[in-house]
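Student: The structure is given below, and queries will be raised subsequently.
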Amino acid sequence: MQTLFTYLQKRRQDHAALVAEARANATELNTKTLAQLMFFALALLVIAFIGYQLQGYHFAFPEINSLASHIPEWVLHNMTVFGDGTLILSLVLALANRNVQLHWVVFWAAVIGAIVSNTLKGYFDAPRPPAVLVAGEFLQFGKIYKQYSFPSGHTLTAFLIATVGYYFASRAWQKVGFIALGVMVGLSRIWLGVHWPMDTLVGGALGIFCGSAAVVIGWRWRSGINPVMHGFIVFLLVVAALLCLLDKNDYQYALPMLYVVALLGLWRTIRNYLLPVIKDEHPPLTPTSARFPFSNTWAKPAPLFWGFLFVVTVYRLLVLLQPQFSLFYDEAYYYHWSLNPDLGYYSKPPMVAWLIMLATSLLGDTVFAIKMMACLAYSATAAVLFASATRYSNTTNGLIAGVVFVCIPMIGFNSEFITTDAPLLLFWSLALYFTLRALETANLSHWILLGVFTGLGMLSKYTMGAFPLAVFLFLLVEKEHRVKLLTLGPWLAAIVAGAIFGLNIYWNFAHQWIAAQHTQEISHASGPAINIGPFAEFIAVQFLIFGPVFSWLLIHVIRKSFGKRAAVTQSQFPQPFSGFYRLLLWVSGVILAAIGVQALASHAFPNWAGPWMVAASLLLALGWQNAYTARTFYRRLGYGIAFNLVLLSMVYHWPQMLRWLDIEPTAKNDPYHRLIGWPELGKEIRPLIAAFPDAKLTSDSRDILAYIGFYARPGSFDFARWNPQADNIRDYYDLKVNLRDFAGNSNQTYVFVSKEPLEESVLGRFEASTPLGKVSTSPYEGDTMSLYVSLLRGFKGYE
């Protein structure tokens, strides 16, 4: 008991010292910043006055509200809750947990804002849009409110905290960000259909006035900054965080964010005020050790990496057992490729089919077996990056490279779907490793292995061609390495890679270069010659799928590593060979540039440039010392890892999360909607197909052949594809099992599955036909998927 009393007394003394330090570090009131805020508030009022004079109280509502049709509802929910008081107070608890001065000002801001908002709302009692306009005349989302429209409480609260944040912020981009936050919330209230522009403009101005008043009171009334009062304020902030957890917010799609912020705020409060203070006697990262977050427990990086990789890999494999992770049609399509081992397929090289063939031969024709190789391949890539960074730096940086790669959002999401990217990134990482080895040692065996893995990468995806191009350009541009182009090594690597890739080239030659034709088709899009919008979107998405925090860290590392002072900075960290960092930049940059040009000229999917993240992970891991101290990088990297893992977990368990939030799943809010329903349809059709074992499964749809072929007749490639256009080879089924190949056989039967009842133009091409019925399933309430099944005999040909 005495020990507990002593412990609590020590925590109280720590708290008193924190408050005393805040009072001692008081600064003068910054009237210039307050004047800037007053100017912005007056600008909002002027806009409101002009709008009212021109069009009345409801001015500009239809024009602004109509823009919501371009914004997903979940985005609107997550925007508007930044005007919710409990979230704002939880954010203060989470992000500024020990800022006593800020807490004091926020307390007054909350008191003044609540009084002004509630008083004015009750006095005016203005009707909201749903009370004035007819439903259907405007866009509305979420819960419908009809009273107390003026002023907008959410906008007032958002600008209240934006004002406080603007005042305390030390950098221009932070100040702009706070104002943008307030504007975003104000617009969201109009987009949701619950406020008029007048409400948000005046609400924003009032928020700034109230926030500014709170700043002045907080600076003038210094005696209020004492341990008792600050303890009371922290208690109120904790209550707000608990309310975030216990109350179901009206905007359900924002609940996960509310819960995360509230839990983070509560944890930081426990950590900072109840648990012992961690004394950072050493930096959190050293070349041979890393510290666990929130403790003084240290670990060797290698066991930490392998343990982390094992846990993440097992978790992602277990995720595959969830019902929403049925096969995507491309996966079922690749599975059918694997039933016919070959050197190439319709649109892609053979590696993905070979991997599926290996997995299904071991575990059978199951969804888990088909998908699992993606997760294993990405984990193997992380292991290669760990080995690369360890060899050319230290085990701590190896840990960083491997963990960063595993936690990239694109990698985490793709780990649940087998695509050509999985083997591509594995062989890309191996090729990069042996490029580094070859340039370091000039050993011919390393050049040969570089050729082997480059060739295997080309058998995975044609995008691998950007890798040897990047290495060649590096050797050509770098003076110190240009002489290597006159040696045997690079050309031996090219010969080996070409010999391996030649297997697929031969297949393409034997099939009239069908893969080249398909690549040309998907790369072409009608429209303007230069597509600035899609290009900008492509670049922005790259940083999102790498992770916002990771991208920010990487940009800063590259800027510091290759800026004006780069030579001085990098000299502190020995490199295995000249231009080491520049090679990594070339390997990332060439693939980004190549696919970026394609996005500018026509269109490109974001994952096409995915290999850039391999070298980027190494750049971040090996170059962070050029930009950050160990403590700063450790903290920001931790934020990035936590953000990405939480985001991925939400995606993995999205249907379960919707049920937990009492949200009815629909095709619009379920990212797995294209997978849902097909297993059930396959189960319904299976008895119909089994009744005619000699019949070929036939369809005019690639999706149906892929899905129903797997779920209704696994392990079989006994298909027939309806496609009357001989010159229009659209997929592997067209290439290998077109119906024209079976014309004239009067005894051959077909089970034709289609999304609509067969028309006479199809039925008339067969000698006999019998409808077998219709199968249906309802993946969502009010949404029905149906397929029509017919038994046909004796295909007479298309003409």
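Student: Within the stretch 397-409, does at least one residue satisfy the condition of being touching a helix residue (DSSP H, G or I) at 6+ places or on another chain (Cβ under 7 Å) and surrounded by fewer than 22 Cβ atoms within 10 Å (Cβ to Cβ)? Can you show your working first?
Tutor: Taking the stretch 397-409 as the starting set, the residues that turn out to be touching a helix residue (DSSP H, G or I) at 6+ places or on another chain (Cβ under 7 Å) are 397-409.
Cutting the leftovers down to surrounded by fewer than 22 Cβ atoms within 10 Å (Cβ to Cβ) gives us 409.
Yes; the residues of the stretch 397-409 include at least one that is touching a helix residue (DSSP H, G or I) at 6+ places or on another chain (Cβ under 7 Å) and surrounded by fewer than 22 Cβ atoms within 10 Å (Cβ to Cβ).
Student: Looking only at the stretch 732-745, decide whether some residue is among the small types (G, A, S), touching a strand residue (DSSP E or B) at 6+ places or on another chain (Cβ under 8 Å) and under 28 Å from Q324 (Cα atoms).
Tutor: No, because not a single residue in the stretch 732-745 is among the small types (G, A, S), touching a strand residue (DSSP E or B) at 6+ places or on another chain (Cβ under 8 Å) and under 28 Å from Q324 (Cα atoms).
Student: Here are some residues: L45, L37, L29, L8. Which one is outside any helix (DSSP H, G or I) and either out of contact with any helix residue (DSSP H, G or I) (no Cβ under 6 Å at 6 or more places or on another chain) or not hydroxyl-bearing (S, T, Y) (or both)?
Tutor: Working: L45 fails: outside any helix (DSSP H, G or I); L37 fails: outside any helix (DSSP H, G or I); L8 fails: outside any helix (DSSP H, G or I).
None of the others qualify; the one that does is L29.
Student: Need at least 2 residues that are among the aromatic types (F, W, Y), in contact (Cβ under 8 Å) with a residue 12 or more places away in the chain and buried (at least 21 other Cβ atoms within 10 Å of the Cβ) per element, so show me which helices (runs of 4 or more DSSP H) inside the stretch 611-668 make the cut, counting only ones lying wholly within it. Steps first, please.
Tutor: Working: elements: 612-623, 630-652, 654-660.
Where helices (runs of 4 or more DSSP H) fall fully within the stretch 611-668 and carry at least 2 residues being among the aromatic types (F, W, Y), in contact (Cβ under 8 Å) with a residue 12 or more places away in the chain and buried (at least 21 other Cβ atoms within 10 Å of the Cβ), they are 630-652.
Student: Here is a further query. Which of the residues spanning the stretch 693-717 are part of a loop (DSSP other than H, G, I, E, B), crowded, with 16+ Cβ neighbours inside 10 Å and over 38 Å from the mean Cα position of the chain (by Cα)?
Tutor: A695 - this is the single residue of the stretch 693-717 that is part of a loop (DSSP other than H, G, I, E, B), crowded, with 16+ Cβ neighbours inside 10 Å and over 38 Å from the mean Cα position of the chain (by Cα).
Student: Report, by residue number, each residue of the stretch 586-602 that is under 21 Å from L622 (Cα atoms) and under 23 Å from the mean Cα position of the chain (by Cα).
Tutor: Taking the stretch 586-602 and keeping what is under 21 Å from L622 (Cα atoms), we get 586-592.
Result: V587, S588, G589, V590, I591, L592.
Student: Give the residue, chosen from L201, L255, L242, L206, that is part of a helix (DSSP H, G or I) and surrounded by fewer than 21 Cβ atoms within 10 Å (Cβ to Cβ).
Tutor: On the way: L201 fails: surrounded by fewer than 21 Cβ atoms within 10 Å (Cβ to Cβ); L255 fails: surrounded by fewer than 21 Cβ atoms within 10 Å (Cβ to Cβ); L206 fails: surrounded by fewer than 21 Cβ atoms within 10 Å (Cβ to Cβ).
Residue meeting the stated conditions: L242.
Student: Does the stretch 13-21 include one or more residues that are under 41 Å from the mean Cα position of the chain (by Cα), assigned by TED's automatic domain parsing to the domain that holds A131 and part of a helix (DSSP H, G or I)?
Tutor: For the stretch 13-21, residues under 41 Å from the mean Cα position of the chain (by Cα), assigned by TED's automatic domain parsing to the domain that holds A131 and part of a helix (DSSP H, G or I): absent.
Student: Can you name the residue in the stretch 347-391 that is under 21 Å from Y329 (Cα atoms) and basic (K, R) and is also modelled with the lowest pLDDT among such residues?
Tutor: K348
Student: Would you confirm whether or not the stretch 164-181 contains a residue that is part of a helix (DSSP H, G or I), small (G, A, S), touching a residue at least 24 places away in the same chain (Cβ under 8 Å) and surrounded by 15 or more Cβ atoms within 10 Å (Cβ to Cβ)?
Tutor: Step one: list which residues in the stretch 164-181 are part of a helix (DSSP H, G or I), which gives 164-168, 172-181.
Of the ones still in play, those that are also small (G, A, S) are 165, 172, 177, 180.
This time we only want the ones that are touching a residue at least 24 places away in the same chain (Cβ under 8 Å), so: none.
Looking for residues that are part of a helix (DSSP H, G or I), small (G, A, S), touching a residue at least 24 places away in the same chain (Cβ under 8 Å) and surrounded by 15 or more Cβ atoms within 10 Å (Cβ to Cβ), one finds none in the stretch 164-181, hence no.
Student: Something else about it: Looking at A720, A726, A743, which one is touching a Gly at 6+ places or on another chain (Cβ under 7 Å), of a type outside the set (F, W, Y) and under 19 Å from K796 (Cα atoms)?
Tutor: Details: A720 fails: touching a Gly at 6+ places or on another chain (Cβ under 7 Å); A726 fails: touching a Gly at 6+ places or on another chain (Cβ under 7 Å).
Among A720, A726, A743, only A743 is touching a Gly at 6+ places or on another chain (Cβ under 7 Å), of a type outside the set (F, W, Y) and under 19 Å from K796 (Cα atoms).
Student: Another one. Suppose we filter D741, D783 for residues that are surrounded by fewer than 19 Cβ atoms within 10 Å (Cβ to Cβ) and more than 30 Å from S347 (Cα to Cα); which single one remains? Explain how you work it out, then say what you get.
Tutor: Numbers: D741 fails: more than 30 Å from S347 (Cα to Cα).
Exactly one of D741, D783 is surrounded by fewer than 19 Cβ atoms within 10 Å (Cβ to Cβ) and more than 30 Å from S347 (Cα to Cα), namely D783.
Student: If you take the residues of the stretch 361-387 that are among the β-branched types (V, I, T) and touching a helix residue (DSSP H, G or I) at 6+ places or on another chain (Cβ under 6 Å), which of them is surrounded by the most Cβ atoms within 10 Å (Cβ to Cβ)? It would help to see each step written out before you state the result.
Tutor: Kept after step one, since they are among the β-branched types (V, I, T), are these residues of the stretch 361-387: 366-367, 370, 381, 384.
Then drop every residue that is not touching a helix residue (DSSP H, G or I) at 6+ places or on another chain (Cβ under 6 Å), which leaves 370, 381, 384.
Details: I370: 24, T381: 26, V384: 23.
In this case the residue turns out to be T381.
Student: Could you go through the stretch 646-665 and let me know if any residue there is polar (S, T, N, Q) and either within 28 Å of I558 (Cβ to Cβ) or touching a Pro at 6+ places or on another chain (Cβ under 7 Å) (or both). Even if it seems obvious, please write down each step before you answer.
Tutor: Of the residues in the stretch 646-665, the ones polar (S, T, N, Q) are 649, 656.
From what's left, either within 28 Å of I558 (Cβ to Cβ) or touching a Pro at 6+ places or on another chain (Cβ under 7 Å) (or both): none.
For the stretch 646-665, residues polar (S, T, N, Q) and either within 28 Å of I558 (Cβ to Cβ) or touching a Pro at 6+ places or on another chain (Cβ under 7 Å) (or both): absent.
Student: Another one. Which pairs turn up if I take residues in the stretch 722-743 that are among the polar types (S, T, N, Q) and look for partners that are part of a helix (DSSP H, G or I) and surrounded by 15 or more Cβ atoms within 10 Å (Cβ to Cβ) with beta carbon separation below 8 Å, at least 6 apart in sequence or on another chain?
Tutor: Taking only residues 6 or more apart or on different chains, the pairs are N723/D734; N723/L739; N728/D734.
Student: Let me ask you something else. Within the stretch 762-777, is there a residue that is more than 20 Å from R713 (Cβ to Cβ) and part of a helix (DSSP H, G or I)?
Tutor: Scanning the stretch 762-777, I find at least one residue that is more than 20 Å from R713 (Cβ to Cβ) and part of a helix (DSSP H, G or I), so the answer is yes.
Student: Name the residue that is farthest from the chain's Cα centre (by Cα), counting only residues in the stretch 38-74 that are surrounded by 14 or more Cβ atoms within 10 Å (Cβ to Cβ) and of a type in the set (V, I, T).
Tutor: The extreme case among them is I47.
Student: Among all residue pairs at least 6 apart or on different chains, which show Cβ distances below 7 Å where the first residue, located in the stretch 268-285, is in the same structural domain as L89 (by TED's automatic domain parsing) and closer than 16 Å to R635 by Cα and the second is outside any loop (DSSP other than H, G, I, E, B) and modelled with pLDDT of 80 or more?
Tutor: Correct list of pairs: R268/L93; R268/A94.
Student: Okay, next question. Go through the stretch 739-772 and give me each residue that's in contact with a Phe, Trp or Tyr (Cβ under 8 Å, 6 or more places away or on another chain), among the aliphatic types (A, V, I, L, M) and under 20 Å from Y788 (Cβ atoms).
Tutor: L739, V751, V753, L758, V762
Student: Would you point out the residue of the stretch 502-551, among those that are among the hydrophobic types (A, V, I, L, M, F, W, C), outside any helix (DSSP H, G or I) and within 14 Å of Q598 (Cβ to Cβ), that is modelled with the lowest pLDDT?
Tutor: Start the filter on the stretch 502-551 by keeping residues that are among the hydrophobic types (A, V, I, L, M, F, W, C), which leaves 503, 505, 507, 509-510, 513-516, 522, 525, 529-530, 532, 535-536, 538-541, 543-546, 549-550.
Filter again for outside any helix (DSSP H, G or I), leaving 513, 525, 529-530.
From the residues that got through so far, the ones that are within 14 Å of Q598 (Cβ to Cβ) too are 525, 529-530.
Values: A525: 49, A529: 56, I530: 69.
Top of the filtered list is A525.
Student: Is it true that some residue in the stretch 119-127 is polar (S, T, N, Q), surrounded by fewer than 24 Cβ atoms within 10 Å (Cβ to Cβ) and in a loop (DSSP other than H, G, I, E, B)? Reasoning before the result, please.
Tutor: At the first step, the residues of the stretch 119-127 found to be polar (S, T, N, Q) are 119.
In the following step, the residues that additionally are surrounded by fewer than 24 Cβ atoms within 10 Å (Cβ to Cβ) were identified as 119.
Narrowing further to those that are in a loop (DSSP other than H, G, I, E, B): none.
No, the stretch 119-127 contains no residue that is polar (S, T, N, Q), surrounded by fewer than 24 Cβ atoms within 10 Å (Cβ to Cβ) and in a loop (DSSP other than H, G, I, E, B).
Student: Moving to a separate point now. When both residues are 6+ apart or on different chains and their Cβ atoms are under 9 Å apart, which pairs have a first residue that lies in the stretch 586-600 and is assigned by TED's automatic domain parsing to the domain that holds V541 and in contact (Cβ under 8 Å) with a residue 60 or more places away in the chain, and a second that is hydroxyl-bearing (S, T, Y) and surrounded by fewer than 19 Cβ atoms within 10 Å (Cβ to Cβ)?
Tutor: Sorted first by the residue in the stretch 586-600, then by its partner, the pairs are Q598/S523.
The values are calculated or read from the model by the stated rules, or taken from the named source; none is laboratory data. In this text, all values refer to a predicted model and were calculated from it rather than measured experimentally. Ideal geometry is used to build each Cβ from the backbone, glycine not excepted, and the neighbour counts take in all protein chains shown.
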